[in-house]
Amino acid sequence: MKADPRFLSSPKSFWALVRTLSQHLGYTERGRRGEEGQVAIHSVAAQARALFELGLNPEAVLTKLGPTAEGLKLEAYFRYRAEVLNGYVQPLLMDKEDVRPLFEKHFARLNPTCPIPMNKQKNDKRAPAFLTGLVNMLVQEATGDLPCNYDPRELTTFTRDGVPVRTLARRVDGAFPSAVNPIALWEIKEYYYTTTFGSRVADGVYETLLDGLELQEMERNEGISAMHYLFVDSRFTWWKCGRSYLCRLIDMLNMGCATEVIFGREVLDRIPELGAEWARVYRGRFGTG
């Protein structure tokens, strides 16, 4: 999914309020016993109460004359975030029992030559990395015989006149057509075998945020850009255990730190479209085809 244009141009002060209010009021509602809570919507009144409780100025969102423009925009954002996560993202997320047959179906259909890595589990949990395999196969199908680096073992570098202008701090999971001057780069966060929402999963969110901030700075100061994607899956990990981090992903997306975040089975529809777009950009840049 892409960001909502209503919020993309918001200043950093807006996102400071989003984070402060989310932390104090909570990202999710408390579900009834045995039920999962939904992502919460914070009204202007709740925002004002939270700011007062934190010793901050509630008139940023609510005055004697009524809600401020900022308060109304925040309420609209919290409503949007809740609706897309509760209604759109949740049904897209898969667990290993769901993704395995999809992987096997597309593997049989495509007979891919791209890398299909194994997961890092042991014994009976050892299996292909299902989401990574799906991403790689579908990217190969969509881009055909164009070059693609499905496992960059080097830092992503952007150059001008053969000289590095920026080199990202981290390696990414994929780059098209290569890790040098990529048109598109991506991270994949699949956690089908986790039993809790641990620090490793949380770190994955912040790693992608770092990449996005570096790419934003490069575009702003050097006029060089690349499309930046995050693929995530595991309903148990992200929805049952980590809904607050799904909220952070939506925040990150609307801060402009990712071109898209693609959830679970959404890869089946989006990668064919994205790969076709990348291929058009490649042929325009390199004059092939």
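The values are calculated or read from the model by the stated rules, or taken from the named source; none is laboratory data. As the structure is a computational prediction, the values presented were derived from the model and not from experiment. Positions of Cβ are generated from backbone atoms using ideal geometry, with glycine treated the same way; all protein chains shown enter the neighbour counts.
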Handout entry: Lone qualifier among L21, L51, L72 - being of a type outside the set (F, W, Y), more than 20 Å from the chain's Cα centre (by Cα) and under 30 Å from G264 (Cα atoms)
Key = L21
Practice task
Report yes if V18 is closer than 30 Å to T132 by Cβ and either assigned to a helix (DSSP H, G or I) or not charged (D, E, K, R) (or both), otherwise no.
Solution key: no
Practice task
Would you be able to tell me the number of residues in segment 99-128 that are free of Cβ contacts under 8 Å to residues at least 24 places away in the same chain and surrounded by fewer than 17 Cβ atoms within 10 Å (Cβ to Cβ)?
Solution key: 12
Handout entry: Members of segment 194-216 that are touching a helix residue (DSSP H, G or I) at 6+ places or on another chain (Cβ under 8 Å) and modelled with pLDDT of 95 or more
Key = G212
Practice task
Say whether the condition of being crowded, with 18+ Cβ neighbours inside 10 Å and touching a residue at least 60 places away in the same chain (Cβ under 8 Å) is met by at least one residue in segment 46-68.
Solution key: no
Handout entry: The one condition in (1) within 23 Å of the chain's Cα centre (by Cα); (2) outside the structural domain of F236 (by TED's automatic domain parsing); (3) free of Cβ contacts under 8 Å to residues at least 60 places away in the same chain that V84 fails to fulfil
Key = (3)
